[in-house]
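Okay, structure first, notes after.
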Amino acid sequence: MLYVVLGLWIFSALMILFEKKNVRVTLYLGIFGLLASIAFFLLGSPDVAMAEAAISTFTTIFFIVCLEKYYKFEGDFIEVEDTQAEKKPKSTFVIRYILPLLFTIFAAGLFIYFIPDNVVNPYLKELYLTRFMDEVGGYNPVTAIYLRYRVYDTLFEALMLVLAVVAVIHMSKFGEATIKDGLRSELETSNMSVFTIRLITPILLVFGIFLILNGHISAGGGFQGGLVIATFFIARYMIFNIYDLKVSRIAKIEEAVFIAIALLASVVVFLEFADFTHRPGYREIYLIIMNALIGAKVACGFMLLFYRFVAIERGARDES
Amino acid sequence: MRVELAELFAVIMFFISFYGLIVTRNIIKSVIFIIIMEAAAIMFFLSIGYRSGILAPIGPNLAEVESWAYIADPFPQALMITAIVIGLSVTTILLIMTITITREYKTTDWDTIKIRSLEK
């Protein structure tokens, strides 16, 4: 089963490699993400599978918004055809396609030949799996690792998200003033899909909150729940066309939540705050609050990124 | 040299996207190959130590398991979740840069961009 999924995965990547039209490439990317998610699940990691499913949805939506704008803006220039390659002599073809292929095969062969045998320390896995219930609590060692043992990584991941938002806001260069209210999203929609998504959107919000609150005892957690909640707001924009959230306000919330995450992690984990985290009844509270904060952080961050993309789309339409 | 089949798939995928990054002339496809490269790296880390019939490391009765070999390693999973979220933020930055370039030069072809930037 796993190898069938992996084979299809490779096949979807080859389809992307040989496809020339941008829209089809984007759709194949969605299929690629779905197959990767199924393969992660079969490899025994439902947490990563959930995150990958949500992420591939996001990536496809971002690409579609990006491409949709250009079809409106410039017509069909975005289709890259190989018209120039026909005029060039055959030696260019060899330099362009055959030599990189040989080089890639050589590099892959070297990598596979020198791959080390036991990369992972098995004692570390045993240590985490035997001790996490006593030291951290909950039934999910993945949550225990990223909220307790390796909380540095989570902090710097949150910092990376803040940096990405700052970079996107800086590079998109459109103020909020260019966005006019009352413009409908012109994405092609059918009544059927609108009806379905209207039914699904409330369930999405409930499901996201469920994932966050149960992150420490089952698969799920702050990242996945936050992504699902951000998907709820995107669906809200796409279908109901509600664009009432202010970008600056979301940015302030995100920064405040980031500071709260840093403070809570440093007080509880680095300073070993009394024996609060060792008491069975109370230590789950730390996990739940931390998951909720990370969920809020991720949801705010990706809502901001999506709204910047929409702002570019709308701003370009206003210009043209 | 002992390679799991699942690891081999991940390595092949990594080098497919490597070849694609060298060969492609389309900016959108370059961004997509970077995404594929990330997914292949994540797949490689998760498939280390895979054996058939492996179980997810979640549940209240983990302490009573006799052999840890059939429980997946939670440590790379925790790191890969953060890697996935960072990957999406990298993707958005790349897309914004793509939008800026295509607004400037009105094309997504690397060669045409080079020609037009020399003309200016």
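Since every read-out is calculated from the coordinates, none of them should be taken as a lab result. As the structure is a prediction and not an experimental result, all values here were calculated from the model. In this analysis, Cβ positions are derived from the backbone assuming ideal geometry, glycine residues included, and neighbour counts consider all displayed protein chains.
List of remarks:
- Packing-based order for B:14-21, B:80-87, using average beta carbon neighbours within 10 Å, highest first: B:80-87, B:14-21
- A Förster distance of 51 Å, applied to the separation of the beta-carbon atoms of A:Met15 and A:Tyr282, puts the FRET efficiency at 0.45.
- Derived from the Cα gyration tensor, the three semi-axes of the equivalent ellipsoid of chain B are 41, 17, 7 Å, largest first.
- Pairs beyond 23 Å (Cα-Cα), from A:Lys20/B:Lys114; B:Lys29/B:Lys120; A:Lys246/B:Lys29; A:Lys21/B:Lys120: B:Lys29/B:Lys120; A:Lys246/B:Lys29; A:Lys21/B:Lys120
- Two-site FRET efficiency, B:Lys106 against A:Thr196, from Cβ-Cβ distance with R₀ of 56 Å, rounded to 0.05: 0.90
- Extension gain (nm, one decimal) between A:Tyr3 and A:Leu124, 0.36 nm per residue minus Cα-Cα: 40.8 nm
- As a proxy for reagent exposure, ranking A:Tyr286, A:Tyr113, A:Tyr28 by other Cβ atoms within 10 Å from fewest up yields A:Tyr113, A:Tyr28, A:Tyr286.
- Full-stretch length increase - A:Arg249, A:Ser266 - with 0.36 nm per residue and alpha-carbon distance subtracted: 3.5 nm
- Estimated FRET transfer efficiency when R0 is 41 angstrom, pair A:Ala167-A:Phe210 (beta carbons, to 0.05): 0.80
- An oblate overall shape is assigned to the stretch A:26-68, the ratio a/c of its alpha-carbon gyration tensor axes (a ≥ b ≥ c) being 1.5 or greater and a/b not exceeding b/c.
- Gain upon complete extension [A:Ile64, A:Leu27; 0.36 nm per residue less C-alpha separation]: 12.4 nm
- Ranked list, fewest to most other Cβ atoms within 10 Å of each Cβ, for A:Thr57, A:Thr130: A:Thr130, A:Thr57
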